[in-house]
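Okay, so here's the structure we're looking at.
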Amino acid sequence: MTRWRSLAPIAIGLILLTPLASMRFTDSVQWTGRDFGVMAALLVGVYVMFELLARTSGIPQYRWGVAVALGASLLLVWVNLAIGIIGSEDNPANQLYLLVLLTGAVTAIATRFRPRGMARATAGMAVVQAVIGGIALAARLDTRPQVMIMNALFVGLFVGASLLFGRATEQEESA
């Protein structure tokens, strides 16, 4: 953990420098001060949440589950803010993805961040993600294949986190 703590500020800085450097070479990246502020807040928030949650269990699978779940959540927010999943970032249908995060947060808090509860939280996130993708397809909100691929990617990440938490549950019960 000590190594991660010392590298985290450097990693956050490098992530924020990437769009800054890209803006020098292309017009397709146009971040404002607000964009950098929002991204910095997201990155620092995820880092702090990881530090707090990873301490709740010494089981490696639990920590990996936390990393995957938080990474997928960060990516979901980032993609939605940057380009949107359904249509463009301005499409109000993209706000449905807040339900994915809400499902995870409420379930995790209700189950006190225990491995079994976290497995349920991330499984629930996968289900909500899949349902939103299905709604987008059925309602023809966006029929591009990329939308379904993107939803499938997030479903896979949340299922992966759920499986890791499931393994942590087994480890906890056998100890």
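The values are calculated or read from the model by the stated rules, or taken from the named source; none is laboratory data. Treat the numbers as computed from the prediction; the structure is a model and nothing was measured. Virtual Cβ from ideal backbone geometry, glycine too; neighbours counted across all protein chains shown. Accessible surface areas use protein heavy atoms only, side chains included; no ligands, DNA or RNA. Shrake-Rupley method; radii C 1.70, N 1.55, O 1.52, S 1.80 Å.
Just a few scattered comments:
- Only one of F25, F50 that is of a type in the set (F, W, Y) and buried (at least 18 other Cβ atoms within 10 Å of the Cβ): F50
- Count of segment 146-175 residues which are more than 17 Å from L76 (Cα to Cα), among the aliphatic types (A, V, I, L, M) and open to solvent by 60 Å² or more (accessible area, probe 1.4 Å): 2
- Scanning segment 95-126 for residues that are of a type in the set (S, T, Y) and open to solvent by 10 Å² or more (accessible area, probe 1.4 Å) yields T103, T107, T111.
- Residue within segment 148-165 that is of a type in the set (F, W, Y) and closer than 27 Å to G37 by Cβ present: yes
- Taking the numbered list (1) open to solvent by less than 40 Å² (accessible area, probe 1.4 Å); (2) not in a helix (DSSP H, G or I) in turn, G58 passes all entries but (1).
- Test: residue in segment 75-94 that is part of a helix (DSSP H, G or I), touching a Gly at 6+ places or on another chain (Cβ under 9 Å) and open to solvent by 20 Å² or more (accessible area, probe 1.4 Å): no
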